[in-house]
Amino acid sequence: MRFRLTEDQRALRDGVRQLLARCFDLRAAVRGPGALDRALWRELGEAGFFALRVPEAEGGVGLGLPEAVLVFEEAGRVLLPGPLVATHLAAGVVPGAATGETVVTAVSGGLAEWLTEADAVRGDATGAVPLRSVDPLTPLHRVPGAVPDADPVAVLLTAAEQLGTAARVCELAVQHARAREQFGKPVGAFQAVQHLCAQMLVRARTARAAVYAAAVTADPVDIAAARLLADEAAVRGARDCLQVHGGMGFTWESEVHLHLKRTWVRTHRAGDVTESEEFLAADLLTGTA
């Protein structure tokens, strides 16, 4: 079965990509003070990022899960920082979340992102302890005894962000392989590099098919499978992209290592990847998860 985007969905995706290109600069964010950009957050709210699935009768955009997946894929592609999933899920429930006036975070997988910057917290953050995050754009707190958040929508939107990273690192690897020369020829001419890029593309396209299908069915089993494929495509893709770049990929002038670090953080969000594995395994063994 092929899931083709409608003209409206393509326009939404392209519009979000243009918006993020205009209002978010990854390099500036990394060099910045480490605080959440409230102006950007409000701009996202005005654009309907958080109220995308809120019914029109309640002041939202009135779209569905497939459209939300497209939007979050674009957010993952540019490494947009902040508790995006938690605030999106809080729209229509927590006052101000839909418009970007209120920043909402959630306790998920024993962690809370951007806890000190949030205006509201979903879940019990009692005893939260600051944790040194590998990702400079995702401050973390560890919450002792927290119950993992297995909200299927949170799982799917996290998978969509991972998908965005998987696609982006594939692009970066191909661009570098074409431009970088070694022994008088582009490194992309070497078979080992070609294999890495091809594998990245296959994983990204497989994950995209699974994520888009899960957005249509909204089935928890489909979502768990999509999460596993998207996590693999993102983490392995970022590692392979780093391999293609060599030592250059570890420098702050390159965004490659930032993608790898964000993928690691996302794997612990929304019940973490282990919960998705166990959920899918239970369904395969019993027929019902």
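The values are calculated or read from the model by the stated rules, or taken from the named source; none is laboratory data. Here the structure is a predicted model, which means the values were calculated and not measured. Counting neighbours? That spans all protein chains shown, and the Cβs are built from the backbone with ideal geometry, glycine included. Accessible surface areas use protein heavy atoms only, side chains included; no ligands, DNA or RNA. Shrake-Rupley method; radii C 1.70, N 1.55, O 1.52, S 1.80 Å.
Could you give the angle, 0 to 90 degrees to the nearest 10, between helix 65-78's Cα long axis and the longest principal axis of the Cα atoms of the chain?
50
Does anyone have the angle between helix 152-179 and the longest principal axis of the chain? Alpha-carbon axes, 0 to 90°, nearest 10?
Result, in degrees: 20.
At 37 °C and 0.692 mPa s, what whole-number value in µm²/s does Stokes-Einstein give for the translational diffusion of the stretch 114-214, with Rh from the Kirkwood sum over Cα pairs?
Working: Rh = 17.0 Å.
Here the translational diffusion coefficient equals 193 µm²/s.
Nearest 500 deg cm²/dmol is fine: what mean residue ellipticity at 222 nm does the chain get from its DSSP H runs of n ≥ 4 alone, each adding -39,500 (n - 2.57), divided by its residue count? It would help to have the intermediate numbers written out before the result.
On the way: 10 runs with 160 residues, N = 289.
Computed mean residue ellipticity for the chain: -18500 deg cm²/dmol.
If you place +1 on the Cβ of every Lys and Arg and -1 on the Cβ of every Asp and Glu, how big does the dipole about the Cα centre of the chain come out, in debye to the nearest 20?
Details: 29 positive and 35 negative charges, 230 e Å.
Dipole about the Cα centre, nearest 20: 1100 debye.
Over the alpha-carbon set of the stretch 71-168, work out the extent along each principal axis and list the three values in angstrom, largest first.
Principal extents (Cα only, largest first): 37, 31, 23 Å.
Nearest 10 degrees is fine. How inclined is helix 272-286 to the longest principal axis of the chain, computing both from alpha carbons?
80
Using all Cα-Cα distances in the chain, what percent lands in each 5 angstrom bin from 0 up to the longest?
Distribution as computed: 1, 6, 12, 16, 19, 18, 14, 8, 4, 2, 1, 0, 0 percent.
Let me know the longest stretch in the chain that avoids all chymotrypsin sites (Phe, Trp or Tyr not before Pro) found in a DSSP loop with at most 13 other C-beta atoms within 10 Å. Write down the numbers at each step before the final one.
Working: sites that count: PHE3, PHE183, TRP252.
Answer - 4-182.
Select from the stretch 171-256 those GluC sites (Glu not before Pro) which occupy a DSSP coil region and have at most 11 other Cβ atoms within 10 Å, ordered by residue number. Each step should come with its number before you reach the end.
On the way: sites: GLU171, GLU181, GLU232, GLU253, GLU255; in loops: GLU253, GLU255.
Those that pass, being in a loop and sparsely packed, are GLU253.
Using the C-alpha gyration tensor of the stretch 146-198, what are the square roots of 5 times its eigenvalues, in whole angstrom, with the largest one first? Present the calculation step by step, with values, prior to reporting the outcome.
Details: eigenvalues 269, 17, 13 Å².
The answer is 37, 9, 8 Å, longest axis first.
Which of the peptides 75-88, 53-66 is most tightly packed, and how do the rest follow, going by the mean number of other Cβ atoms within 10 Å of each residue?
Final packing ranking: 75-88, 53-66.
Which values, in whole Å and largest first, are the semi-axes of the equivalent ellipsoid of the stretch 4-91 obtained as the square root of 5 times each eigenvalue of the Cα gyration tensor? Write down the numbers at each step before the final one.
Working: eigenvalues 103, 49, 21 Å².
Largest first, the stretch 4-91 gives 23, 16, 10 Å.
Binning at 10 Å from 0, report for the stretch 197-289 what percent of all alpha-carbon pair distances ends up in each bin.
Values per bin, smallest distances first: 17, 40, 30, 11, 2.
Please list 156-169, 193-206 highest first by mean number of surrounding beta-carbon atoms within 10 Å per residue.
Values: 156-169: 28.8, 193-206: 17.6.
Going from most to least packed, we get 156-169, 193-206.
Alpha carbon centre of the stretch 48-93 versus the stretch 110-149: separation in Å?
Spelled out, the Cα-based centre of one part sits 21 Å from the other.
Hey, got a sec? Which trypsin sites (Lys or Arg not before Pro) in the stretch 85-145 land in a DSSP loop and have at most 14 other Cβ atoms within 10 Å?
Numbers: sites: ARG122, ARG132, ARG142; in loops: ARG132.
Sites meeting the loop and neighbour criteria: ARG132.
So what is the accessible area of the chain per residue, in Å², with the probe set to 1.4 Å? Show your work: numbers first, answer last.
Values: 13750 Å² over 289 residues.
For the chain, the per-residue accessible area is 48 Å².
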